[in-house]
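The values are calculated or read from the model by the stated rules, or taken from the named source; none is laboratory data. The shown structure was predicted, so the numbers you read here are calculated from the model rather than taken from an experiment. Don't worry about glycine lacking a Cβ; one is built from the backbone with ideal geometry, like all the others, and counts go over all protein chains shown. Areas reflect the complete protein model, heavy atoms only, side chains present, ligands, DNA and RNA absent. Shrake-Rupley method; radii C 1.70, N 1.55, O 1.52, S 1.80 Å.
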Amino acid sequence: MAEIPCTHCNLTFSQDVMIKEKEGTKELFFCCKGCQGVYHLLGDQGLDSFYDKLGSTTLQPAVQDEGSLEKFDLEGFKNKYITTDEQGLNKIHLIIEGIHCSACVWLNEKILHKTAGVIEATINYTNNKAKIVWDPEVVKLSELIHTIRSIGYNAYPYDPALQEERAISTRKTYYTRILVAVFGSMNIMWLAIAHYAGYFSGIEQSFKDILNVAEFILATPVLFYSGWIFYRSAYYGYKNRMVNMDTLVATGASLAYIYSIYAMISQKGEVYFDSVTMIITFVLVGKYLEVLSKKSAVDTLDGLMGSTPTEVTTLKEGVKSLVSVENVIVGDIIELKPGEKVVIDGEVVWGQGSFDESSLTGENEPVYKKQGDMILSGSICLDSVLHYEASKDVSSSMLTSIVNLLEESITKKPRIEQLANAISGRFSSTIMLIALCTFTGWYFLMGSFEQALIVGISVIVIACPCALSLATPMATLVGISLAAKRGILFKEATFLETMAKSTVLALDKTGTIALVNTSNHPVSKGIKSYLENSYETLETRILEEICSIEAKGIKARYQSKNLLGGNAQLLQTQDVLVGSESENTLFFFTVNNQLVARFELSDTIKSGAAKTIQNIKNLGIRVIMLTGDHERSAQKVASAVGIEQVYAKLLPQDKARIIQDLHQAGEVVVMAGDGINDALALASSDIAIAMGNGADVAISVSDVVLLDEKFESIEEAYRLSRRTYGAVKENLGFSLLYNTITIPLAVMGFVNPLVAAFSMSLSSLVVVGNSLRIKNLTFKDK
């Protein structure tokens, strides 16, 4: 029979398995009852134009899932995900699963808007995030979820982080202000060229007045709109009795602006509106470079908490109840089913099964749990139903503890940033004091307010930290751009500087130094790969009575022969004795209880790892290994790559504790990892490096991401950060020398605001030119 597409989902199937139906003269074909039901539902709702919008796009078949709707109406779910406004309306953000095109967005919005009680339903096509506002007196959230599922889609709650909203809002604010500043600066510089030309060659006062007014019009929004950030910061600095760099910027720009207005009105002296706009623009761009990369914590916790259950099934006197996780107390008996994530720590009291603890230990091999064994929140039950007794409440369980510690670590500022703020505060205070003393001295010595003001402004303008503020962002901007071309992403400019000062590199073994298989069955896939590469002729045999034995192996029959494959523990149950001592993973295969094959699987060291580690050590960096694997396997890999200091069998908290101990010893730590189990250690380190193939949470909390996943990129990141930091120090040294020479000249009255502004601009160009020299750094091909 010919294959034809389903009328609803467009997937093709053989005609003889399709559900046939006639609608007038039109013949319809459906692959399942779900698609048939959705088709008629859309027709009844007047939404059959959906198929015109859909075109040839294929959908997933409409699976009718009526289960687990009650959880959306639980009190714990409401407290966590739903907000209520002053009018009593509920709001939630959902992720709509199954959206493939704009037609899917249109359909979901239309079907929700047609639901009684829904006030607003909007869906962002780029991330499938839906915002739904509804009247809880008219419709329940579970009914809305049922409506979405009824048309072949699914929905689950999205937990928006407050940091995301704030970061986006801040970035938009800076972006708008920079646009105004750049527009004003570019236009005012064209006017300034004519102004400067007239200053040297002569210009009629009427033309000069026109230029002055034009510059005033352009400078005013730049100062008070784009520069509002500096005024606000200066105000809060004043309230806290602190003089910061923003105070210096606001003061210098304001005095230059006020004097320029005076010069424009009185037609005496020169205006410096161009200096005002350049001061604001340069420093604002420098600040924006930092803000631009601040969004590193967005959705960080979603990787850990996004799929965490909000309720569990408890057993009391033989009765099963669905209970919010917040209401579970120590001693409650919880039922766990295959595929469910553990959300509360506890001890197994009935049953046995395999657990995926890769999110905690980083290792893919399932762990067998039986009565009396502890299970940790964050692990996933793979294959059995079991009961366990809660040993902690949800707030003190491991998963919640990791999330809380991670959140706290992310909010901490690096020491280098705090030190820079302290230095800039002292610098700004010193300049303000020098300018004030200069103004006072000149006023009493010369008796001229105008002359004293001009000299005071010259001190502030010439010392205005354009070169100082550009010293770091310009160099780091060039460094970040060069790094990006090499597949190395620094999420924030200051991370280059911090990494250049690091003294310890901590490496995770799995996925960072050694290659691993991401399959759910790494052992079987590894053996399969070995056999395919080692033998040219392999034949597939059909086995009978196949049975998977939890966390041990598999058994089957073939032509009356009993086949058994698995670990030493499995073979011992069949009275087959084998040696199990090895630093690698062992897999045995028997036929009728006779051992016929023994496989030993080991980690594969990443290409170039040993040489790269030696090069990093030559830079004066101490390299250590932090891993959740057992001691012998870790030592084998460490010996192969030249790492002397190894910490094995570590949980996420253990890795973070070791990093904190290194911090207390005065070390600056760089951590490289790739899994969720590394997230806490990554967040605790001064610089966190994630491999591009790592877990989303590891990438999101990291400061540096290696897109090409090559180990050599870690060395390149070190070399580039040190070169960039060297340029930063050169820029700062030049800025210090510049201020040491020019400030005394300005104090003595040898520099007027015009020359001061020109000198300031020239110093900025020197800093920019020196920063561009970073591009001359050469790399070896990876």
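Using 0.36 nm per residue and subtracting the Cα-Cα separation, the extra length available between residue 204 and residue 445 on full extension is 83.4 nm. In this structure residue 320 has an accessible area near 120 Å², from a 1.4 Å probe over the protein heavy atoms. Spin-label model, residue 156/residue 773: points 7 Å from Cα along the beta carbon direction are separated by 5.4 nm.
Please give the net charge around residue 390, taking every other residue with its beta carbon less than 9 angstrom from that of residue 390, where Lys and Arg add +1 and Asp and Glu add -1. Write down the numbers at each step before the final one.
On the way: positive: 392; negative: 332, 345, 347, 389, 393.
Its environment carries a net charge of -4.
Cross-link pairs exceeding 24 Å in C-alpha to C-alpha distance, out of 501/775; 71/337; 80/129; 337/369; 71/91; 20/140, comprise 20/140.
Magnitude of the charge dipole for segment 593-672, about its Cα centre and with charges confined to Cβ atoms of Lys, Arg (+1) and Asp, Glu (-1), is about 160 debye.
Among the protein heavy atoms, those of residue 345 account for about 10 Å² of accessible surface (1.4 Å probe, every chain in place). Here the calculated FRET efficiency for residue 370 and residue 611, from their Cβ-Cβ distance with R0 = 45 Å, stands at 0.50, rounded to the nearest 0.05.
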